[in-house]
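Please treat every number below as a calculation from the coordinates, not as lab data. Owing to the predicted nature of the structure, the values given are computational and were not obtained by experimental measurement. Every residue, glycine as well, gets a Cβ built from its backbone with ideal geometry; the counts of neighbours run over all protein chains shown.
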Ligand code: FCB
């Protein structure tokens, strides 16, 4: 394989999320989030795992930042826990909670690492869910208020802001299939949640822009959807509509696609869609984050579709067609190149960043080493695929590995390890995996040898 070099200034980093690493869920006045409630509900998370302790990053952040600095990481994407900042999702700030992020940002900057803040990575304050959650319009306004409070405190030092992480998951895993918090199975509510997540995004962008924010973004997980076999085109278009265009079109074109509206009308009267909303939702963005792990394949036949994609009843979703990770997710780097090119072509003008890419494997510790050659191969393949997209004209600004640390993988609990750094959960010991040492070289060389 040939050596590749990325454009000068290409951003290399890692990503995490608050509920997955922080622990300390009762410390310093933090409120309850929907993930606390969900993970403490029997049967929701594998083996009853919860985020109560996680990687104890709340107390060990300085050590974790030092590890990042040692790896040469330039950008660290983390999320702020809304219930730490506003325990019930509205009203005055909890100073101790916001103080944690203040210290984290200072520690990062001292280490020469650029902080990239995600405002919402799925941990809605439970009090807001009790009042209706994302299917309720009011949540969008509460989110914009919260965003402003965080910006007021960190905006002097943080230049890149992301509103939501993967709103598709928040809406459809949370409210349609219910495999994520809050675990509701109401497809109509899931579509309302999509709209209010988008509206909350737009309101926050508007407010932060006025307050002087430099770089505003949202992070999506668009499906890299492909059809196999004659007649699969309609299914591909449907999946693309329900996972991709349902977000990309409102955000970047100021409209919902007509074919998507047709599907939504089967589940909802669309009364939540109000005049002026799309104008707010489509405020200009400075960066679009793309999370990519695996392709989605649609077959030529009929099938039950997926409960996480209401409206796909009747289409055939195929199981993985090749090698998979420990999540059972197909490994297909070429699909990343295709996805980036497609988004850059159909939605030109906004720079892209890969804000998550990585893999869980069944790592084995050998003494003080973890020889995770499979993770290195996965990352290398996808970094090459990202470079290929740049070669073909995509304005791609950076690549962030999911994840810095092994962590709480939502419904899978601690069984799935995505980290560059191994965490021994009983002792909180951190061990740099071979992939971490390898990534350090990638960053140093700004490419691959
Ligand atoms: C993404 C999430 C992230 C992590 C990875 C594996 O969907 O954004 O929190 O769980 O998947």
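Sorted largest first, the spans of the alpha carbon positions of the stretch 4-448 along the three principal axes are 54, 51, 45 Å. Annotation: the antiparallel percentage among DSSP beta bridges lying fully within the stretch 237-388 is about 50. By how many nm would the segment from residue 137 to residue 59 lengthen if fully extended, with 0.36 nm per residue of separation less the alpha-carbon distance? That works out to 24.6 nm of additional length. Pairs of Cα atoms nearer than 8 Å and 6+ residues apart set the relative contact order; for the chain it is 18 percent. Note on the chain: with a GNM built from Cα contacts shorter than 10 Å, the maximum mean-square fluctuation among 48, 367, 212 falls on 367. In terms of its C-alpha gyration tensor, the stretch 250-293 has an oblate overall shape, because the principal axis ratio a/c (a ≥ b ≥ c, square roots of the eigenvalues) is not below 1.5 and a/b does not outweigh b/c.
Projecting label points 7 angstrom from Cα along Cα→Cβ for residue 215 and residue 429 puts them 3.7 nm apart. Each of residue 109 and residue 411 was given a label point 7 Å from its Cα along the Cα-to-Cβ line. The distance between the two points is 4.0 nm. For the chain, the antiparallel share of DSSP beta bridges with both residues in that region comes to about 25%.
Which parts of the stretch 432-449 would a label at residue 5 reach, counting a residue when its backbone N lies under 19 Å from a point 7 Å out along Cα-to-Cβ? The answer is 440-449. Computed on the stretch 20-176, the Cα convex hull volume stands at 115 Å³ per residue.
The ranking of 61, 293 by Cβ neighbour count inside 10 Å, starting from the fewest, reads 61, 293.
Of 427, 337, the sequence from fewest to most neighbouring Cβ atoms within 10 angstrom is 427, 337. Build a GNM of the chain with springs between Cα atoms under 10 Å apart, and of 251, 288, 273 the one that fluctuates most is 273. With each label modelled as a point 7 angstrom along the Cα→C-beta vector, the residue 445-residue 228 pair spans 3.3 nm.
Potential lengthening of the chain between residue 302 and residue 157 amounts to 47.0 nm, from the contour at 0.36 nm per residue minus the alpha-carbon distance.
Between residue 365 and residue 185, the contour length at 0.36 nm per residue exceeds the Cα-Cα span by 60.9 nm. Within the listed set 165, 94, 221, the Gaussian network model of the chain (springs between alpha-carbon atoms below 10 Å) gives the highest mean-square fluctuation for 94. Between residue 255 and residue 47, the FRET efficiency from the beta-carbon distance, with R0 = 30 Å, is close to 0.10.
DSSP beta bridges in the stretch 337-449, what fraction antiparallel, as a percent rounded to 5?
If I count the DSSP bridges inside the stretch 337-449, around 60 percent turn out antiparallel.
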